[in-house]
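The values are calculated or read from the model by the stated rules, or taken from the named source; none is laboratory data. Just so you know, these numbers come straight off a predicted model, no measurement behind them. Glycine gets a Cβ as well: all are built from the backbone with ideal geometry, and neighbour counts include every protein chain shown. Calculation scope for accessible area: heavy atoms of the full protein, side chains included, ligands and nucleic acids excluded. Shrake-Rupley method; radii C 1.70, N 1.55, O 1.52, S 1.80 Å.
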Amino acid sequence: MKTPTRVKLTDVGPRDGLQNEPQAVPVAIKVELVHRLQEAGLKDIEVTSFVSPKWVPQMGDNAEVMAGIQRRPGVRYAVLTPNLKGYEAAALCQPDEIVVFASASEAFSQKNINCSMEESIARFRPVAQAAKAAGIAVRGAISCAVGCPYEGAVAPARVAQVARLMRDIGVQHVGVADTIGVGTPAQVQRALEAALQVYPMDHVSGHFHDTYGMALANTLASLEMGIWQFDTSVAGLGGCPYAKGATGNVATEDVVYMLHGMGIETGIDLDKLLDAGVFISGFLGRKPQSRAANALRTKRAG
Ligand code: HMG
Ligand code: MG
């Protein structure tokens, strides 16, 4: 399999990243982050989630954030929807894409969305139908595709099973997510292969958290299989409140640095991306969780 020459990155920082932050992040900061990401050339941005504010208070300002964004033509704005109530609220904000999320592990499904995996799929059926009727794209995230914080290792057959259930309810694209960042390259390849039994290459993406420092290696292992779409997070923000100990997603800056170094196009301006990461990290009172970003900052300063 030939390594792709162009890669599409979806920055999930505003959603996956900020959902895990304990401190309140004002709407204006979230909107500014989205603006800076689109300014850096990101064409796919996961903005927020329409989940219960009792479960994830940080995303309670979802509609205000969506309303505050000055949209650019050619940029797709995605939001997470766990059920029909979330979808109905999301639809009023006219997202280009909604994301439904089901777990390959039963225990995580219960902790994260308070229902079994089968029940979650049943909830997503009307969501997918409504989105399709409204002309909104439907993506599915398969959580805990390699490992679960409660059950341990997850078999690839579970990934294929969730992918089949998603396909059957009309989900158009699936993301294979290593929610807790435990996977190593061969394991991630097996999980992706399982998804590829059900969806074609152009409709499978990778979503890797970097808890064990494996996310960049897993991205490369995926590229070698021909996977060309990934979720990444500016400044390495991220984590799931219901996946204890899991850290951020692979940093967009690290992935862009690697891809550009390999001669793979992303359409992203690394310099402007760096500024976006410095902006949000500055607000959060820390350095970007990105080796490339920090090396480039040192180089800039020198
Ligand atoms: P529940 O408590 O079982 O829901 O939560 P319920 O149907 O019994 O409703 C309870 C209350 O929530 C009711 O309000 C509902 O109206 C309200 P009350 O009558 O008590 O005032 N409610 C809602 N409010 C706003 N928006 C909604 C909504 N739905 C119900 N959509 C539920 C079930 C799914 C809602 C809850 O478990 C939840 O919101 N979970 C979300 C957890 C979450 O956001 N996790 C992080 C995102 S997933 C992730 O990060 C993984 C990913 O990045 C990929 C990866 O890395 O693996 C995608
Ligand atoms: Mg995630």
Top of GLY261, GLY68, GLY239 by mean-square fluctuation, Gaussian network on the chain, Cα under 10 Å: GLY261
Residue-averaged 222 nm ellipticity for the chain, from DSSP H runs of 4+ at -39500 (n - 2.57), nearest 500: -12500 deg cm²/dmol
Cα gyration tensor shape of the chain, rounded if a/c is under 1.5, else prolate or oblate by comparing a/b with b/c: rounded
Cα gyration tensor, segment 192-273 - rounded (a/c under 1.5), prolate or oblate: oblate
Cα centroid of segment 228-302 to Cα centroid of segment 87-121, whole Å: 26
Charged-residue dipole, Cβ positions (Lys, Arg, Asp, Glu), the chain about Cα centre, Debye nearest 20: 100
Amide H contacts under 5 Å for SER205, placed H, 5+ residues apart: VAL174, GLY175, VAL176
Relative contact order of the chain, pairs being alpha-carbon contacts under 8 Å that are 6 or more residues apart, as %: 21
Approximate spin-label separation TRP55-ASP96, in nm, with each point projected 7 Å along Cα-to-Cβ: 2.6
Segment 239-255 - phi-based ³J(HN,Hα) in whole Hz, Karplus 6.51/-1.76/1.60, Gly and Pro as x: x, 10, x, 9, 10, 4, x, 6, 9, x, 6, 4, 6, 4, 4, 5, 5
Set of aspartates and glutamates near LYS244 by C-alpha distance (under 15 Å), chain-local residues within fewer than 8 positions excluded: ASP16, GLU21, GLU151, ASP178, ASP210
Choice from GLN129, GLN70, GLN58 with maximal GNM fluctuation in the chain (Cα, 10 Å cutoff): GLN70
Listed peptides 194-206, 44-56 by packing density, highest first (mean Cβ within 10 Å): 44-56, 194-206
Label point 7 Å beyond Cα of TYR150 along Cβ direction - residues of segment 173-208 with amide nitrogen under 16 Å: 179-180
Extension reserve of the GLN70-LYS287 stretch, reckoned as 0.36 nm per residue once the Cα distance is removed: 75.4 nm
For ASP96, solvent-accessible area (1.4 Å; no DNA, RNA or ligand), Å²: 60
FRET efficiency estimate (nearest 0.05) - Cβ-Cβ, SER116 to ALA186, R0 35 angstrom: 0.75
Carbon plus sulfur fraction of accessible area for segment 167-208, probe 1.4 Å, in percent: 48
Per residue accessible area in Å² of segment 58-116, where ligands, DNA and RNA are left out and the probe is 1.4 Å: 41
Carbon + sulfur, % of accessible area of segment 1-156 - ligands and nucleic acids excluded, 1.4 Å: 53
Distance violations [Cα-Cα > 19 Å] among LYS8/LYS43; LYS8/LYS132; LYS54/LYS111; LYS30/LYS272; LYS2/LYS43: LYS8/LYS132; LYS2/LYS43
